[in-house]
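Chemist: Here it is: the structure, laid out below.
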Amino acid sequence: MTPQTPLSKPKSRAIDAILSCDTREAAASAARVSVRSLTRWVGEAAFANELSRRRTRLLAEAANVLARGAVAAARCLVGMAAGEIKPSSARAAAARSVLDFARKTSELDELELRLSELEAAAAAQVKPYGRQYS
């Protein structure tokens, strides 16, 4: 199977199930395949690549939710500090977690971008036949 070839419907269904179920057994059941087949598919490059791609997309969606929630979380903390919102340790902890995860996600995105730029710059310095400029 080439990277351009789409996965079969059972394999695509299996990926959806893996991303929505808590266990491999539950995912196999939801996808209507055996655990053995699911385990074998996870070891296949095309399947693993598609699973990784879809998981990354889900994490990007979660990062967007955190980014949108960061402003509300900050307002909540400021409101509690100013006495405008009734203090709640659970609410404060949740707000701090949202802010922390949003910050970490932003830092990872920035590092990924910087790494991509460095890789591109390094690749540009390589001559044909793999020789590098001195």
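Chemist: Placing unit charges on C-beta atoms (Lys and Arg positive, Asp and Glu negative, everything else neutral), compute the dipole magnitude of the chain about its Cα centre in debye, rounded to 20.
Modeler: Its charge dipole is roughly 380 debye.
Chemist: Continuing with this model, one more query. Quickly estimate the mean residue ellipticity at 222 nm for the chain, helices only: each DSSP H run with n ≥ 4 gives -39500 (n - 2.57), and the total goes over all residues, rounded to 500.
Modeler: Using -39500 (n - 2.57) per qualifying helix, the result is -26500 deg cm²/dmol.
Chemist: Consider all pairwise Cα distances in region 64-134 and report the whole-number % of them above 20 Å. List each step's numbers first, then the result.
Modeler: On the way: 1313 of 2485 pairs.
Tail fraction, whole percent: 53.
Chemist: Which distance in nm do the two modelled labels at residue 115 and residue 29 give, with both placed 7 Å along the Cα-to-Cβ direction?
Modeler: The modelled label-to-label distance comes out at 3.7 nm.
Chemist: Which of 45, 31, 5 sits farthest toward the positive end of the charge dipole of region 1-66, with +1 on the Cβ of Lys and Arg and -1 on the Cβ of Asp and Glu?
Modeler: About the Cα centre, the residue reaching furthest to the positive side is 5.
Chemist: Let me ask another. Please give the FRET efficiency for residue 123 paired with residue 48, using the beta carbon to beta carbon distance and R0 = 30 Å, rounded to the nearest 0.05. The partial results should precede the final answer.
Modeler: On the way: r = 25 Å, r/R0 = 0.84.
The computed FRET efficiency comes out at 0.75.
Chemist: May I pose another question? Dipole of the chain (Lys/Arg Cβ +1, Asp/Glu Cβ -1, origin at the Cα centre): which of 14, 106, 66 lies farthest to the positive side?
Modeler: Highest projection toward the positive end goes to 14.
Chemist: Let me ask something additional. Using only the alpha carbons of the chain, what is the convex hull's orientation-averaged projected area in square nanometres?
Modeler: So the Cα hull casts an average projection of 13.7 nm².
Chemist: Could I ask something else about it? So how far, in whole Å, is the C-alpha centre of region 86-112 from the one of region 1-56?
Modeler: Value for the Cα centre distance between the two parts: 31 Å.
Chemist: Kindly rank 15-26, 86-97 from highest to lowest mean number of other beta carbons found within 10 Å of each residue.
Modeler: On the way: 15-26: 14.4, 86-97: 12.4.
Averaged packing, sorted descending, gives the order 15-26, 86-97.
Chemist: What are the ³J(HN,Hα) values, in whole Hz, obtained from phi via the Karplus relation 6.51 cos²θ - 1.76 cosθ + 1.60 with θ = phi - 60°, for each residue of region 30-44 in sequence order, with x given for Gly and Pro?
Modeler: So the J values, rounded to whole Hz, are 5, 7, 6, 9, 6, 4, 4, 4, 4, 4, 5, 5, 4, x, 7.
Chemist: Starting at the first residue of region 82-97, write each ³J(HN,Hα) from the Karplus equation 6.51 cos²θ - 1.76 cosθ + 1.60 with θ = phi - 60°, in whole Hz, x for Gly and Pro.
Modeler: Each residue's phi maps through the Karplus curve to give 7, x, 7, 10, 4, x, 8, 5, 5, 5, 5, 5, 5, 5, 4, 5 Hz.
Chemist: Turning to a different aspect of this structure: By the scheme Lys and Arg +1, Asp and Glu -1, what is the net charge of all other residues having a beta-carbon under 15 Å from that of residue 39?
Modeler: +2
Chemist: Within 10 Å of each candidate Cβ there may be at most 16 other Cβ atoms; applying that plus a DSSP loop requirement, which trypsin sites (Lys or Arg not before Pro) in region 31-77 survive? All intermediate terms of the calculation are to be shown ahead of the outcome.
Modeler: Working: sites: 32, 36, 40, 53, 54, 55, 57, 68, 75; in loops: 32.
Passing both the DSSP loop test and the Cβ count: 32.
Chemist: How high is the relative contact order of the chain, given as a whole-number percent (alpha carbon pairs under 8 Å, six or more residues apart)?
Modeler: Here the relative contact order equals 15 percent.
Chemist: Mind checking the full-extension length gain between residue 55 and residue 86? Use 0.36 nm per residue of separation minus the Cα-Cα distance, one decimal, nm.
Modeler: Value of the extension gain: 7.4 nm.
Bear in mind that the values in this text are calculations on the coordinates, not laboratory data. This is a predicted model, so every value here is computed, not measured. Don't worry about glycine lacking a Cβ; one is built from the backbone with ideal geometry, like all the others, and counts go over all protein chains shown.
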